[in-house]
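Chemist: One structure, pasted below without further comment.
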Amino acid sequence: MALRLVSRKLGSKFLPMLSSTSLLHSHATSFGFKHVREEEKSQMVGNVFSSVASNYDLMNDLMSGGLHRLWKDRLVSMLNPFPGMKHLDVAGGTGDVAFRILDGISSIKRRANQDPRNDHLQEETQIHVCDINPNMLNVGRKRAIERGLAEDKSLIWVEGDAEALSFEDNTMDGYTIAFGIRNVTHIEKVLSEAYSLASERVEVPRVLKHGGRFLCLELSHVEAPVFKELYDYYSFSVIPALGELVAGDRESYQYLVESIRRFPPQEKFASMIVDAGFQKVEYENLVGGVVAIHSGLKI
């Protein structure tokens, strides 16, 4: 779990050759393995998620064998949610992470057998689910209704851009983003919106409070050679075919696996989080690096 800043070589018979520039710089304009203009990428990514929204959770279960549930549980356990917290879950349209946070807070309240006079803490708890795609948010709202959370004032749905958040400065105790940051055009802008913006040599505090935690769960890079070969075969041969069979959409899932290969390796992404200003930055590989959880504190 310790932070390691080391170089990493990528190569596989299943992958086209990638230049170090296109791999390591988040401002590289790419859509999977395609090169596109910056103004095109957000629309193209939006089309992908509009297409997959209705089957998003089912496909996550099928592609990961249900493991994505355990990965999200681990993410929320690292967040350590508490009653009365103000939290922002970015790219969380279907509500998977937000529901887990609320469940965690409810569990804490039950264990503590909280005095009814302190019920105002539940109202003060605010979990903002921010997603740029309205179709994904609609799925989340529907799931909230099914879970009996339609009237829960703690859950707030917001259509918004991770690179230009509408929230006020120093307002959030926590920030999570799960399987979303690799789809943005500028990773640095997303990190700056969480920590702080630099404008004409003046640091503008952004959404996290001091002491707030940034957590990112993302599909990442496998190191072990034999496992990597198997993972590449599964990614490029099985996942797109599964997308076509279940969701009737091969191209979106082809983009998915390509976008993972375009995303910076764990060490490089950790260094980007450090460059954004975060401290105590570390990451934890799960399933040999298939996914990684990166963490940083705003101190």
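Chemist: Does residue 297 satisfy the criteria of being farther than 19 Å from residue 176 by Cβ, among the hydrophobic types (A, V, I, L, M, F, W, C) and surrounded by fewer than 22 Cβ atoms within 10 Å (Cβ to Cβ)? Walk me through it before giving the result.
Modeler: Details: farther than 19 Å from residue 176 by Cβ: no; among the hydrophobic types (A, V, I, L, M, F, W, C): yes; surrounded by fewer than 22 Cβ atoms within 10 Å (Cβ to Cβ): yes.
In short, no.
Chemist: Being farther than 21 Å from residue 72 by Cα, open to solvent by 10 Å² or more (accessible area, probe 1.4 Å) and not aromatic (Phe, Trp, Tyr) narrows it down to one of 284, 258, so name that one. Before the answer, list the steps.
Modeler: Numbers: 284 fails: farther than 21 Å from residue 72 by Cα.
That would be 258, the only listed residue that is farther than 21 Å from residue 72 by Cα, open to solvent by 10 Å² or more (accessible area, probe 1.4 Å) and not aromatic (Phe, Trp, Tyr).
Chemist: Between 121, 165, 155, which is within 19 Å of residue 190 (Cβ to Cβ) and either modelled with pLDDT of 95 or more or open to solvent by 20 Å² or more (accessible area, probe 1.4 Å) (or both)? Outline the logic, then answer.
Modeler: Details: 121 fails: within 19 Å of residue 190 (Cβ to Cβ); 155 fails: within 19 Å of residue 190 (Cβ to Cβ).
Criteria check complete, one pass: 165.
Chemist: May I ask you to list pairs of residues, at least six apart or on different chains, whose Cβ atoms are under 7 Å apart, with the first in segment 275-287 being assigned to a helix (DSSP H, G or I) and the second being modelled with pLDDT of 95 or more?
Modeler: These pairs meet every condition: 287/67.
Chemist: Filter segment 261-281 for residues that are open to solvent by 60 Å² or more (accessible area, probe 1.4 Å) and either within 22 Å of residue 184 (Cα to Cα) or at pLDDT below 95 (or both) and give the result.
Modeler: Keep residues of segment 261-281 that are open to solvent by 60 Å² or more (accessible area, probe 1.4 Å), which gives 268, 274-275, 279-280.
Those that are open to solvent by 60 Å² or more (accessible area, probe 1.4 Å) and either within 22 Å of residue 184 (Cα to Cα) or at pLDDT below 95 (or both): 268, 274, 275.
Chemist: Further, regarding this structure: Test residue 140 against the stated conditions and say whether it is open to solvent by 10 Å² or more (accessible area, probe 1.4 Å), of a type in the set (Gly, Ala, Ser), out of contact with any Lys or Arg (no Cβ under 6 Å at 6 or more places or on another chain) and in contact (Cβ under 8 Å) with a residue 24 or more places away in the chain.
Modeler: Working: open to solvent by 10 Å² or more (accessible area, probe 1.4 Å): no; of a type in the set (Gly, Ala, Ser): yes; out of contact with any Lys or Arg (no Cβ under 6 Å at 6 or more places or on another chain): yes; in contact (Cβ under 8 Å) with a residue 24 or more places away in the chain: yes.
Judged against the criteria, residue 140 is not a match.
Chemist: Moving on. Return yes when residue 246 is modelled with pLDDT of 95 or more and aliphatic (A, V, I, L, M) and no when it is not.
Modeler: On the way: modelled with pLDDT of 95 or more: no; aliphatic (A, V, I, L, M): yes.
Criteria not met by residue 246.
Chemist: Does segment 235-243 include one or more residues that are within 18 Å of residue 67 (Cβ to Cβ), surrounded by 22 or more Cβ atoms within 10 Å (Cβ to Cβ) and polar (S, T, N, Q)?
Modeler: Yes, segment 235-243 contains a residue that is within 18 Å of residue 67 (Cβ to Cβ), surrounded by 22 or more Cβ atoms within 10 Å (Cβ to Cβ) and polar (S, T, N, Q).
The values are calculated or read from the model by the stated rules, or taken from the named source; none is laboratory data. Worth saying up front: this structure is predicted, and the values here are computed from it rather than measured. Every residue, glycine among them, receives a Cβ derived from its backbone with ideal geometry; neighbour counts consider all protein chains shown. These accessible areas exclude ligands, DNA and RNA; they are computed on the full protein's heavy atoms, side chains included. Shrake-Rupley method; radii C 1.70, N 1.55, O 1.52, S 1.80 Å.
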